[in-house]
Each structure stands twice: as C-alpha cells, then as structure tokens.
Amino acid sequence: MKTLIAALAAVTTVTAVAAPAIASAQPARWHHDDGAYNLNQRQDELNRRIEWGVRSGALDRREAADLRQDAREIARLEARYRINGLNPRERADLDRRFDRLDAQIARQTHDRDYGYGYGHRR
C-alpha cells in the first residue's frame, strides 16, 4: 500500500512539474492546430487593429476603406477554400495574405498621414 501511495505521489509531482513546461512550449499564437479558430482569431485581430487606427486617427477614411476591402477579399477567399475543405496549400496562401495585410496595416498606421485630427488640412 505504501508503494502505491509513493508511486501516485511521484506521478503527481512529475505531472505538476511537467505541465507548465509543456504549456510554455506551445507554438506561436497564429500557428494553432485548429485552423478555423486560428484564421478567425487572426482576422478578428486585424479588424480590431484597423478600427483602432480609425479611432486613434492613425488611419484616414480612404486607408481604412482600402484595408477593410482587402480583409473582406481574404474572407471571401477563405469561404471559397473552405467549401471543399482547407488544404495545406490554401492555408499557406491565406497565411501569406494575412501577413501582407498585417504589414499594410502597420505601414498605414505609422505613415504619419493622420486623418481629421492634429495637422489635417482641408
């Protein structure tokens, strides 16, 4: 009986020590195993960044409209890909498109081309 209790205590200790190490070894945020969750999460984050850019004045209306249009095109393409199931090539294509949109948002929000706030001339 003492052997069984000692074995259970050892297993519990190893599990308690290993669990945080395993959790910290998870892949990067955008490379989650569940494709639908990952793509939807990434798309939502990009849309939030566009909205933040509009609210903060870092994006003017034209820039925001162009970025939103690009986001909608990616969403339509994703829907088309998902009709027959998302294969690795299609997923890589969507990831590349999200990367490009991410870079465009970063460029547009840091280009010092402010909207109707400080320094805007009509």
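Quick one: which residue in G115, G85 is modelled with pLDDT under 95, more than 19 Å from the chain's Cα centre (by Cα) and surrounded by 15 or more Cβ atoms within 10 Å (Cβ to Cβ)?
Numbers: G85 fails: surrounded by 15 or more Cβ atoms within 10 Å (Cβ to Cβ).
Residue meeting the stated conditions: G115.
Which residue, of D33, D70, is surrounded by 12 or more Cβ atoms within 10 Å (Cβ to Cβ) and either farther than 18 Å from Q108 by Cα or modelled with pLDDT of 95 or more (or both)? Give the derivation first.
Working: D33 fails: surrounded by 12 or more Cβ atoms within 10 Å (Cβ to Cβ).
Result: D70 is the single residue among D33, D70 that is surrounded by 12 or more Cβ atoms within 10 Å (Cβ to Cβ) and either farther than 18 Å from Q108 by Cα or modelled with pLDDT of 95 or more (or both).
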Exercise for review: State all residues of segment 47-64 that are over 15 Å from the mean Cα position of the chain (by Cα), crowded, with 18+ Cβ neighbours inside 10 Å and assigned to a helix (DSSP H, G or I); if no residue qualifies, say none.
Suggested key: G53, V54, E63, A64
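Residues being among the small types (G, A, S) and either farther than 19 Å from T109 by Cα or free of Cβ contacts under 8 Å to residues at least 40 places away in the same chain (or both): count how many of those fall in segment 36-55.
Within segment 36-55, the subset among the small types (G, A, S) is 36, 53.
Retained after the next criterion (residues that are either farther than 19 Å from T109 by Cα or free of Cβ contacts under 8 Å to residues at least 40 places away in the same chain (or both)): 36.
Result for segment 36-55: 1.
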Check your understanding: Of the numbered conditions (1) more than 16 Å from N38 (Cα to Cα); (2) surrounded by 13 or more Cβ atoms within 10 Å (Cβ to Cβ); (3) touching a helix residue (DSSP H, G or I) at 6+ places or on another chain (Cβ under 9 Å), A106 satisfies every one except a single condition; which is it?
Key -> (2)
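Considering only segment 73-91, how many residues are assigned to a loop (DSSP other than H, G, I, E, B) and of a type in the set (A, V, I, L, M)?
Pass one, segment 73-91, residues assigned to a loop (DSSP other than H, G, I, E, B): 83-87.
Now restrict to residues that are of a type in the set (A, V, I, L, M): 83, 86.
Result for segment 73-91: 2.
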**Study point:** Close pairs (9 angstrom Cβ cut-off, 6 or more residues apart or separate chains): free of Cβ contacts under 8 Å to residues at least 60 places away in the same chain and at positive phi in segment 86-104, of a type outside the set (D, E, K, R) and surrounded by 10 or more Cβ atoms within 10 Å (Cβ to Cβ) anywhere
**Key:** none
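The values are calculated or read from the model by the stated rules, or taken from the named source; none is laboratory data. Source: prediction; values computed, not measured. No Cβ is skipped: glycine too gets one built from the backbone with ideal geometry, and neighbour counts run over all protein chains shown.
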